[in-house]
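Take a look at the structure below.
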Amino acid sequence: MFPKILITGGAGFIGSNFVRHYVKQHPESRIFVLDKLTYAGHLPSIQDLIDSNQIHFTHGDISDKDFIFDYFKKHEFDCVINFAAETHVDRSIEDPFPFIETNINGTHNLLAATLATGVKRYHQVSTDEVYGDLGLGSTHLMTETTPLAPNCPYAAAKTSADLLVRSYFETYGMNATISRCSNNYGPYQYPEKLIPLFFTLAENDKPLPIYGDGNYVRDWLYVTDHCEALDIILQKAEPGSIYNIGGNNEKSNLEITNFILAFLEKPKELVTHVEDRKAHDRRYAIDASLIKNDLGWEPKVPFETGIQMTFDWYKNNQEWVKKVM
């Protein structure tokens with residue numbers, strides 16, 4: 001459908017998985033990948049696709065307005081999907097400035113360039129963290145109409161980006177959509193996030209530092225399911241649509257940790273409870289019924305299967321881990 005698509009943040013975790021998905025599903029498209037290659041973006045995740053000329057890679061920063069406008073004018077894209085973002089909550093608490101620059105200003109540069117150069121389709125990849133905390137023990141789910149109530153600088157920056165996208169749809173009639181996903185897991189995730197970090201630590205018999213009591217609940221989504229949902233949204237969603245993407249797998253950090261220890265046959269004594277972080281939301285839980293009813297998508301990978309595949313991938317790809325670390 002899109003002769004020329006730009007995937008920003010395509011060397012990151014979810015972005016690189018989407019690049020691989022799109023290469024396989026749409027070989028007729030010319031695929032351009034733009035990435036700043038910060039700590040979370042790594043060429044080894046897509047190097048084989050670059051070497052085989054299946055994608056065109058550019059090292060660049062979405063917060064550089066002049067660069068973005070020149071880049072868009074040069075290539076005349078048909079579609080843009082934006083994964084590029086600063087994403088780690090702890091880092092946003094320590095230093096919010098890069099999150100404001102990339103997640104807000106960078107997103108606006110993409111929207112403005114999309115409008116100025118006549119790009120036909122824009123999609124913003126967002127997060128369930130924009131909805132804030134449901135609270136431990138709650139039974140509610142986050143729907144697309146749940147009020148936005150971000151509680152940390154990362155979530156606030158992503159919320160601001162979502163509102164900018166909405167404004168470009170409402171003001172300029174841009175064919176723009178938003179998706180908000182739950183916690184992703186799977187191959188190519190930078191080893192600072194919970195699953196790859198604890199896997200690496202446990203494999204080396206190092207302590208696993210769990211914030212507070214560890215009873216922080218998240219909905220977990222296998223990354224390939226997310227990629228399939230995004231592809232369907234690009235093809236089928238109406239302009240202005242917002243869709244939640246969830247895995248129907250609520251697990252606490254402590255449960256995830258125990259899965260890892262059991263898989264590696266490591267003792268539970270490796271678990272170390274540390275001081276809780278600031279603005280630590282207790283529970284996120286996605287209601288993904290709208291995308292199922294509207295577009296026919298639902299997750300395929302059960303958590304027990306996905307976590308096993310994830311562990312196997314990290315165990316068999318230690319060279320990748322060493323390169324990105």
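The values are calculated or read from the model by the stated rules, or taken from the named source; none is laboratory data. Computed from a predicted model, the values in this text were never measured in an experiment. Reconstructed Cβ throughout: ideal geometry from the backbone, glycine too, with neighbour counts over all protein chains shown.
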Kindly indicate the residue of region 10-36 that is surrounded by fewer than 17 Cβ atoms within 10 Å (Cβ to Cβ) and among the basic types (Lys, Arg) and also nearest to residue 123 (Cα to Cα) among those meeting that condition.
30
Report yes if residue 32 is modelled with pLDDT of 95 or more, among the aromatic types (Phe, Trp, Tyr) and under 18 Å from residue 61 (Cα atoms), otherwise no.
yes
Within region 224-237, does at least one residue satisfy the condition of being closer than 22 Å to residue 132 by Cα and crowded, with 16+ Cβ neighbours inside 10 Å?
yes
Quick one: how many residues across region 209-222 are among the aliphatic types (A, V, I, L, M) and crowded, with 23+ Cβ neighbours inside 10 Å?
1
Of the conditions (1) part of a strand (DSSP E or B); (2) within 13 Å of the chain's Cα centre (by Cα), the single one that residue 177 does not satisfy is (2)
Boolean, residue 159 is in contact (Cβ under 8 Å) with a residue 24 or more places away in the chain and among the hydroxyl-bearing types (Ser, Thr, Tyr):
yes
Go through 117, 143, 171 for me and flag whichever is under 19 Å from residue 244 (Cβ atoms), of a type outside the set (Gly, Ala, Ser) and surrounded by fewer than 24 Cβ atoms within 10 Å (Cβ to Cβ).
143
Determine which member of the set 177, 107 is buried (at least 18 other Cβ atoms within 10 Å of the Cβ) and touching a His at 6+ places or on another chain (Cβ under 8 Å).
177
The condition of being farther than 19 Å from residue 311 by Cβ and within 14 Å of the chain's Cα centre (by Cα) holds, among 225, 213, 219, only for 219
When region 206-223 is checked residue by residue, the ones that are out of contact with any Pro (no Cβ under 9 Å at 6 or more places or on another chain) and hydroxyl-bearing (Ser, Thr, Tyr) are 211, 216
Would you pick out the residues in region 83-101 that are of a type outside the set (A, V, I, L, M) and over 26 Å from residue 314 (Cα atoms)?
92, 94, 95, 96, 97, 98, 99, 101
Every listed condition ((1) of a type in the set (Ser, Thr, Tyr); (2) surrounded by 15 or more Cβ atoms within 10 Å (Cβ to Cβ); (3) within 26 Å of residue 164 (Cα to Cα)) holds for residue 252 save (3)
Yes or no: region 55-77 includes at least one residue that is within 25 Å of residue 317 (Cβ to Cβ), within 16 Å of the chain's Cα centre (by Cα) and loosely packed, with under 15 Cβ neighbours inside 10 Å.
no
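Residue-by-condition table, conditions (1) closer than 26 Å to residue 227 by Cβ; (2) touching a Lys or Arg at 6+ places or on another chain (Cβ under 8 Å); (3) small (Gly, Ala, Ser); (4) crowded, with 22+ Cβ neighbours inside 10 Å:
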residue: 133; (1), (2), (3), (4): no, yes, no, no
residue: 136; (1), (2), (3), (4): no, yes, no, no
residue: 148; (1), (2), (3), (4): yes, no, no, no
residue: 155; (1), (2), (3), (4): yes, no, yes, yes
residue: 163; (1), (2), (3), (4): yes, no, no, no
residue: 166; (1), (2), (3), (4): yes, no, no, no
residue: 184; (1), (2), (3), (4): yes, no, no, yes
Any idea which residue in region 9-40 is farthest from residue 90 (Cα to Cα), counting only those that are without any contact (Cβ under 8 Å) to a residue 40 or more places away in the chain, out of contact with any strand residue (DSSP E or B) (no Cβ under 9 Å at 6 or more places or on another chain) and assigned to a loop (DSSP other than H, G, I, E, B)?
28
For region 267-304, which residues satisfy the criterion of being within 23 Å of residue 179 (Cβ to Cβ) and at pLDDT below 95?
281, 283, 284, 285, 286, 302, 303
